[in-house]
Amino acid sequence: MGKNDHRVEAVLQLLRKQAPLSVKQDKFCNTACVDRFLKAKGDNVKKAAKSLRACLSWRDSIGIDHLIADEFSAELADGVAYVAGHDEESRPVLIFRIKQDYQKFHSQKLFARLVVFTLEVAIGTMPKNVDQMIILLDASFYRSASAFINLLLPMLKIVADFYPRRLHSAFVIDPPSLFTYLWKGVRPFVELSTVTMVISSLDFEDSLEFNDFAAYPRASSLRFDQSLMEPTAKIGSSASSRFSFTVSHHFDSLKPWYLSLTDTSASKVGPTSPSPLGPALISPLNARSLSFASPAARTPRGGINDGNYSSRLTRKSLFPSTPMPPKSAAMASIGGKKVNHPRTPRPSFLQSPAVFFRRECHVSRTEKNREAFRPVLKLYRRPYDEMIYRSKMRPPLGGLISIVTPNLRRKHVSLSQRF
């Protein structure tokens, strides 16, 4: 026997000295269970025995042996708490979608029984080589951060005290806005705070499988459909004194309309003579007040040095911004010497390996939480099915249906064998 087996036997001996164990208690205190309590208490035999004795007393007080699904028929119908499935590591994923007014009409003991019932169903679905679970807490139904904290802390305390080493990770999804501030205050006093993460479902909107507009009739009806237009219909353009509105007939156009900046007004501030560029266009000379225009726009043509400077600006761009002063020799050189500005170094292909480790170290906590939540995102979005959840319950948790159904099947088989 190894050291671990000796510690397990020492814990069981301490338990039997305090009080004899019943058949169900002895079955619950198997080697794996005692080993989890030992790891939770740092391999301290006395602390593990004390914690395990408190767990046995709590299980008797809450009546775990008498929990059945018929007690939570309303919660099962609404999908308040259920086991959604298993992740890639075969760990059961529990989802709690509890509304804010649930605790107003239900006692704290009934809520604790619902949590324990869901945990026991999840433990019953675990394979032999799996002993941990994942909990998803949908907080989108809560508006009060303090009310959700009062729900979250008792749940985490139940898992920490009476199901040690069972929780792999817990995700709080879409909590109220003030929850992060309250959570920072109480987090140092919560034992399972290291495995509890806050997630926003808006960060995973791009991973929706049905992202086509055709799947949403409301969104698709708002798109422009060129086929609905008659080919012979003539749609004229709507023109104003400044802009003209024209419908595009291109099938690949993202916008079936565009605004042209053709100036159709009779009063023009700019030049009215015909230009080889076509009709007069909106420019800083005729589209805005001269009091806010650039010095070049306020100065008559030919006022800066010579007339060629202003004409060059007009030819260079149809929409000139505030003109920059011309480059001079004084700007290019200082004291007769050319100033060579340092160039930005190109990224080297041969980089130090420390760069990659530095990037991994600076990964934010939010990014780590997102990557941890991504494997269970599909289970979170999967719609709830009561019959599928009931099929995962082992007797007697499944209630009368799971107890009576096997007897009916045996009776049916025996009758069919007679004939």
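The values are calculated or read from the model by the stated rules, or taken from the named source; none is laboratory data. Here the structure is a predicted model, which is why all the values come from computation and not from measurement. Glycine also receives a Cβ, built like all others from the backbone with ideal geometry; neighbour counts cover every protein chain displayed. In case anyone asks, the SASA skips ligands and DNA or RNA and just uses the protein heavy atoms, side chains included. Shrake-Rupley method; radii C 1.70, N 1.55, O 1.52, S 1.80 Å.
Yes/no per residue for (1) under 25 Å from Gln25 (Cα atoms); (2) in contact with a helix residue (DSSP H, G or I) (Cβ under 6 Å, 6 or more places away or on another chain):
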{"site": "Asp60", "(1), (2)": "yes, no"}
{"site": "Asp65", "(1), (2)": "yes, no"}
{"site": "Ala74", "(1), (2)": "no, no"}
{"site": "Gly79", "(1), (2)": "no, no"}
{"site": "Gly85", "(1), (2)": "no, yes"}
{"site": "Glu89", "(1), (2)": "no, no"}
{"site": "Phe96", "(1), (2)": "no, no"}
{"site": "Lys99", "(1), (2)": "no, no"}
{"site": "Thr118", "(1), (2)": "yes, no"}
- Picking from Ser57, Ser73, the residue that is more than 20 Å from the chain's Cα centre (by Cα), outside any loop (DSSP other than H, G, I, E, B), among the hydroxyl-bearing types (Ser, Thr, Tyr) and not assigned by the TED database to the domain that holds Phe373 would be Ser57
- Residues located in the stretch 22-40, provided they are free of Cβ contacts under 8 Å to residues at least 12 places away in the same chain, in a loop (DSSP other than H, G, I, E, B) and not hydroxyl-bearing (Ser, Thr, Tyr): Asn30
- Message: Looking at the structure I just gave you, is Glu9 outside any strand (DSSP E or B), open to solvent by 70 Å² or more (accessible area, probe 1.4 Å) and either among the β-branched types (Val, Ile, Thr) or in contact with a His (Cβ under 9 Å, 6 or more places away or on another chain) (or both)?
- Response: no
- Query: Using beta carbons and a limit of 7 Å, which pairs, at least six apart or on different chains, have the first residue in the stretch 370-382 and touching a residue at least 60 places away in the same chain (Cβ under 8 Å) and the second one among the hydroxyl-bearing types (Ser, Thr, Tyr) and open to solvent by less than 30 Å² (accessible area, probe 1.4 Å)?
  - Reply: Ala372/Ser169
- Message: On the basis of being charged (D, E, K, R) and either in contact (Cβ under 8 Å) with a residue 24 or more places away in the chain or touching a Cys at 6+ places or on another chain (Cβ under 9 Å) (or both), does Arg187 make the cut?
- Response: no
- Query: Taking the stretch 122-145 as the region of interest, how many residues are farther than 19 Å from Tyr82 by Cβ, crowded, with 16+ Cβ neighbours inside 10 Å and more than 20 Å from the chain's Cα centre (by Cα)?
  - Reply: 1
- Report yes if Leu114 is part of a strand (DSSP E or B), open to solvent by less than 30 Å² (accessible area, probe 1.4 Å) and free of Cβ contacts under 8 Å to residues at least 60 places away in the same chain, otherwise no. no
- Task: Go through the stretch 146-168 residue by residue and tally those that are open to solvent by less than 10 Å² (accessible area, probe 1.4 Å) and under 19 Å from the mean Cα position of the chain (by Cα).
- Result: 2
